[in-house]
1. Any residue at all in the range 198-215 that's open to solvent by less than 50 Å² (accessible area, probe 1.4 Å) and aromatic (Phe, Trp, Tyr)?
2. When only residues in the range 282-303 that are open to solvent by 30 Å² or more (accessible area, probe 1.4 Å) and touching a residue at least 60 places away in the same chain (Cβ under 8 Å) count, which is nearest to the ligand (Cβ to nearest atom)?
3. For the range 304-328, give me each residue that is away from the ligand (no atom under 16 Å from the Cβ) and assigned to a helix (DSSP H, G or I).
4. So, in the range 79-124, how many residues would count as being in a helix (DSSP H, G or I), within 28 Å of Pro187 (Cα to Cα) and touching a helix residue (DSSP H, G or I) at 6+ places or on another chain (Cβ under 9 Å)?
5. Would you call Asp300 among the acidic types (Asp, Glu) and assigned to a strand (DSSP E or B)?
6. Are there any pairs with C-beta distances below 7 angstrom linking a residue in the range 333-351 that is part of a helix (DSSP H, G or I) to a residue that is of a type in the set (A, V, I, L, M), with the two at least 6 apart or on different chains, and if so which?
7. Do we have His205 as out of contact with any Phe, Trp or Tyr (no Cβ under 9 Å at 6 or more places or on another chain), on the phi < 0 side of the Ramachandran plot and not basic (Lys, Arg) here?
8. Determine whether Phe238 is touching a helix residue (DSSP H, G or I) at 6+ places or on another chain (Cβ under 7 Å), within 22 Å of Pro129 (Cβ to Cβ) and open to solvent by 30 Å² or more (accessible area, probe 1.4 Å).
Amino acid sequence: MSTDLLDSGLKSIESADSVKALEELRIHILGKSGQLTALLKELGKCSPEERKEKGAALNQIKEKVTAALEAKKATLEAAELNARLANETVDITLPASPATRGSIHPITQVTEELTAIFADFGFSVAEGPEIEDDFHNFSALNIPESHPARQMHDTFYLKGEGKEPYPVLRTHTSPVQVRTMKSQTPPIRIIAPGTTYRSDSDMTHTPMFHQIEGLVIEKNIHMGHLKGVLHDALAAFFGLEKVPMRFRASFFPFTEPSAEVDIGCKRGKGELVIGEGSDWLEILGCGMVHPNVLRNCGIDPEEYQGFAFGMGIERLAMLKYNIPDLRTMFAGDARWLKHYGFPALDIPSLIKGVAA
Ligand code: 2NL
């Protein structure tokens, strides 16, 4: 009986024509409900002497079958591999698939350019949360509860979060500077680049946008320093030796005096040249930090004063890189990014000239 099993088993194994068929055979003989397994189970019913004898015989069969299975498996696998190698050919005349490469968004590029420029003037980069509380986004900045500036900012309130005053999506990066003033002692020299939010959406406004603000707090810092720093930063940014620049009196609740800054330009037919001509282009807002703001942040305005400025990154990117439509910036169109983007790892530095 069991020698029959061995003979027929070895015969079937020898004539198996695929790895799959061989595996089915293995299950048929050695599997849980296999032929040999059934015989092994029957040993339990035998007398001890019989069990010893039959058991030894069955185990020998099992070893032989197992060895035959393994040998045949190796042969079949080799044959199957050879068949595949003979059939599958690589057409080396086909064109290679192009490597797709990502690129740096103009917003990131301009942020890095300005970071390199201000780093050269000794400014550090400060960061903070995009979800802010009423104090850091408004009150500390001398913008009281009823102030129209709060409505002016078209704030996104997070009304699901507790009770009034609700948390907000920061409407500017000024709260980063508030946090820096509260946690550090002057002298302070920082820029705060980052994402900001206002509920505003049309041709020239997106609900999410980007700003860079700057803050310097020292004992004898004044508006002359402000004008010098801004001139040199704007000249470096636009790749010019000098840029015509003027301060126009303005108002911000957090600065006194306040100014808007224009740079000289020439407006032609469909084109704009910065640094020459007799037209003016508004580029940023700035001023001397209001004494109330210093006090709110734990700095004595009798001992220290400072300047601050803020600018929109989208606008700077559009001006420098001739991007006509703001809204394309965030449309997520890969073709747009391929056109307006910058090579990765080509990090802006003053050595190469950020305006390159
Ligand atoms: C603009 C004008 C400005 C500031 C931002 C500032 C921040 C602190 C204290 C005082 Cl903590 N001022 N920031 C000052 C003047 C103008 O931004 O047109 N931004 C796009």
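The values are calculated or read from the model by the stated rules, or taken from the named source; none is laboratory data. Model, not experiment: these values are computed from the prediction. Note that we place each Cβ from the backbone using ideal geometry, even for glycine, and neighbour counts take in every protein chain shown. Note: areas computed on protein heavy atoms with side chains; ligands, DNA, RNA excluded. Shrake-Rupley method; radii C 1.70, N 1.55, O 1.52, S 1.80 Å.
1. yes
2. Filtering first and then ranking leaves His290.
3. Of the range 304-328, the ones away from the ligand (no atom under 16 Å from the Cβ) are 320-325, 327-328.
Matches in the range 304-328: Lys320, Tyr321, Arg327, Thr328.
4. Looking only at that region, the number is 8.
5. Details: among the acidic types (Asp, Glu): yes; assigned to a strand (DSSP E or B): no.
Against the criterion (among the acidic types (Asp, Glu) and assigned to a strand (DSSP E or B)), Asp300 does not qualify.
6. Tyr340/Ile323
7. yes
8. It is false that Phe238 is touching a helix residue (DSSP H, G or I) at 6+ places or on another chain (Cβ under 7 Å), within 22 Å of Pro129 (Cβ to Cβ) and open to solvent by 30 Å² or more (accessible area, probe 1.4 Å).
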